[in-house]
């Protein structure tokens, strides 16, 4: 039988040709992501070339390939090593491929520190429209980014993006950005502020989840502004409230004018009623409507300027608040340094309350403010919000142009310019308006009787178990041109949020705190541990290795 032999001169080229063709074929497959005819042909040709090279290693005789090369012990050992290495590489490739395609995570921390709560997971999975978190910060916090990635893993409708406000100022203006570090939520055409992550406070799962729940809700929260007594106008005019309206709209509120002279009750959809800077006294019936609104668990914000008698003393007396007919004066140098006169108190001291929780030593100012006096009332919880400096006083002579302190008539500071109060709602289910009952002497017609019966059947609804009231001795801090300066706007917006009880509408998500597992040791024990880990254990290892080497010699 005639045999075909390869010359060693040509056989060695088969190895390189085969490897080249295989590499080219697999590269073309990876780039095209498909087994096209060209990549497949290259792989087949490369495999044939390698097969010929392997067969030629049997002394060049293709009919007897196992006599020389494959019969050597070194060839068998090398082949075993190659096969084992290739198997390990193949296993690693398969594991990585499956890990990328079907990713999974395991949280082995004791209290599931790096896992979203079931409420958050379900909320993101149930999203029907895309939700995006915008964080205006040039230096992303790794912890915040990890939390957002956890949200993103729960559903394709959730996304996030970090924006440098200096690089993209147009987008910053779109969100009315105040300072770097603010995080916003965007849902369709709606935008909602979440929190500031640049104040040593990481992004909170509780705040983010509740923000998503609020913004996806179809319900728009109604805030009513009392009108008809010279209050600050809601339009964009001088000393108006248009800026406050704009920021309320961003927080999913709608601002509605309320005239109690035209209706006998506060609308049922009101989450809060705001009385901002009235110049004329309210009618007694209007005050009665506000009192009944509070008794049913309503929320009321009063921003009242000095030198005005508004007819609200009877209502405020029930809460232990007295409006002093004085002017708050601040004689410190703080106001002069920033161009404000003594009749504009600077406030940097705030009460311990959710409204002013994160204010620190920030600045807010109140031009022409009246101080408040708080008397303890059983059942009423009162917390001062705004406190002036020690150099302030309550000026009793409002016509005094020099504003000098008179110890006989004036009251020395610090003064209270704002207070938050709450009490249990005093709701009486069987209470009816006096005019609802028909007079015995009257002989109403059929339509009048039906109207009277409807009024009797329509009982006032209980709004909440707790009534809330916020009182400020000033309204200028809410007006246009001043609202966006320093913390003035935050005082108002936080007050509305607290009155709306939005901070209590949580999903029972408790912050997860890592457990501190510390090993307490004496100084001698710490020194012994250092010697064992750095000196003794390495010496034992080196000694054992040296002994084994000496023995095998």
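So how many residues does segment 185-211 have that are in contact with a helix residue (DSSP H, G or I) (Cβ under 8 Å, 6 or more places away or on another chain) and either modelled with pLDDT of 85 or more or not in a helix (DSSP H, G or I) (or both)?
12
For residue 344, state whether it is in contact with a helix residue (DSSP H, G or I) (Cβ under 9 Å, 6 or more places away or on another chain) and crowded, with 16+ Cβ neighbours inside 10 Å.
Answer is yes for this residue.
Would you check which residues across segment 150-183 are assigned to a helix (DSSP H, G or I) and in contact with a strand residue (DSSP E or B) (Cβ under 8 Å, 6 or more places away or on another chain) and list them?
The answer is 151, 152, 171, 172.
When you go through (1) in contact with a helix residue (DSSP H, G or I) (Cβ under 8 Å, 6 or more places away or on another chain); (2) closer than 26 Å to residue 354 by Cα; (3) surrounded by 19 or more Cβ atoms within 10 Å (Cβ to Cβ); (4) not assigned by TED's automatic domain parsing to the domain that holds residue 494 one by one for residue 182, which number turns out not to apply?
All conditions pass for residue 182, except number (1).
Given the residues 268, 309, which is the only one that is within 16 Å of residue 499 (Cα to Cα), touching a residue at least 24 places away in the same chain (Cβ under 8 Å) and in a loop (DSSP other than H, G, I, E, B)?
268
Hey, any hits in segment 309-320 for a residue that's within 16 Å of residue 413 (Cβ to Cβ) and modelled with pLDDT under 90?
The answer is no, given that none of the residues of segment 309-320 is within 16 Å of residue 413 (Cβ to Cβ) and modelled with pLDDT under 90.
Anything in segment 268-280 that is modelled with pLDDT of 90 or more and out of contact with any helix residue (DSSP H, G or I) (no Cβ under 9 Å at 6 or more places or on another chain)? List them, or say none.
278, 279, 280
The values are calculated or read from the model by the stated rules, or taken from the named source; none is laboratory data. Remember, predicted model here, so these are calculated numbers, not experimental data. Glycine also receives a Cβ, built like all others from the backbone with ideal geometry; neighbour counts cover every protein chain displayed.
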